1. Rounded, prolate or oblate: which fits the stretch 1-69, taking a ≥ b ≥ c as square roots of the Cα gyration tensor eigenvalues, rounded meaning a/c under 1.5, else prolate when a/b beats b/c?
2. Normalised by the residues of the chain, what does the relative contact order come to in percent, with Cα pairs under 8 Å and at least six apart?
3. How do 61-70, 45-54, 103-112, 77-86 rank on mean C-beta neighbours within 10 Å, highest first?
4. How large is the accessible surface per residue of the chain, computed with a 1.4 Å probe and reported in Å² as a whole number?
5. In the stretch 35-115, what percent of the accessible surface is made up of carbon and sulfur (1.4 Å probe, ligands and nucleic acids excluded)?
6. Taking all pairs of different Cα atoms in the chain, averaging 1/r and flipping that mean, what Kirkwood radius in angstroms comes out?
7. If R₀ is 22 angstrom, what is the calculated FRET efficiency for the pair Lys54 and Phe12, using the beta carbon separation as r and rounding to 0.05?
Amino acid sequence: MKQVNPYLPFLFSTFKRDHSLMLSDLKWKAFESHDFLGDGEDWALLLENMLSEKDPSLLEKLSFGDETLMFTIHSEDKDALHTIAEMVFEFYDDDDLLDACIARYAQYEFEPELTSKSE
């Protein structure tokens, strides 16, 4: 029986204490419509900006790979990677949500909209 991957859309691997997520389908066309290549660096930009706005403490637990033909995230914190996978899963296969995320977060001069938790 095939097990469900709880890290979709990523593939998960671990070596010693380093856990990693790999995204091989980078959704090139979605990024190209915003004048980005859609490579690993563009995915890192999108997620770094998203996390700087939504969960800066999570960003501190991650490092991003420097590959261009794939996107990888590394961490010693397996739960942090699971949280990232869940965030990406929410928009990854929905063309409209993916487009909105690229438009909002794939920016070099990004200004996060920090909201107060008391709202």
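1. Numbers: a/c = 1.83, a/b = 1.23, b/c = 1.48.
Since a/c reaches 1.5 but b/c is at least a/b, the shape of the stretch 1-69 is classed as oblate.
2. Numbers: 160 pairs, mean separation 36.3, N = 119.
Once normalised by length, the contact order is 31 percent.
3. Put in order of decreasing packing, that is 45-54, 77-86, 61-70, 103-112.
4. Details: 7770 Å² over 119 residues.
On a per-residue basis, 65 Å².
5. Numbers: 2150 of 4610 Å².
That fraction is 47 percent.
6. Working: mean 1/r = 0.0675 Å⁻¹.
Roughly 14.8 Å, rounded to one decimal.
7. Values: r = 22 Å, r/R0 = 0.98.
With a Förster radius of 22 Å, E is 0.55.
The values are calculated or read from the model by the stated rules, or taken from the named source; none is laboratory data. Every value quoted in this text rests on a predicted model; they were computed, and no experiment measured them. Cβ coordinates were reconstructed from backbone atoms using ideal geometry, including for glycine residues, and neighbour counts include every protein chain displayed. SASA here: full protein model, heavy atoms, side chains in, ligands and nucleic acids out. Shrake-Rupley method; radii C 1.70, N 1.55, O 1.52, S 1.80 Å.
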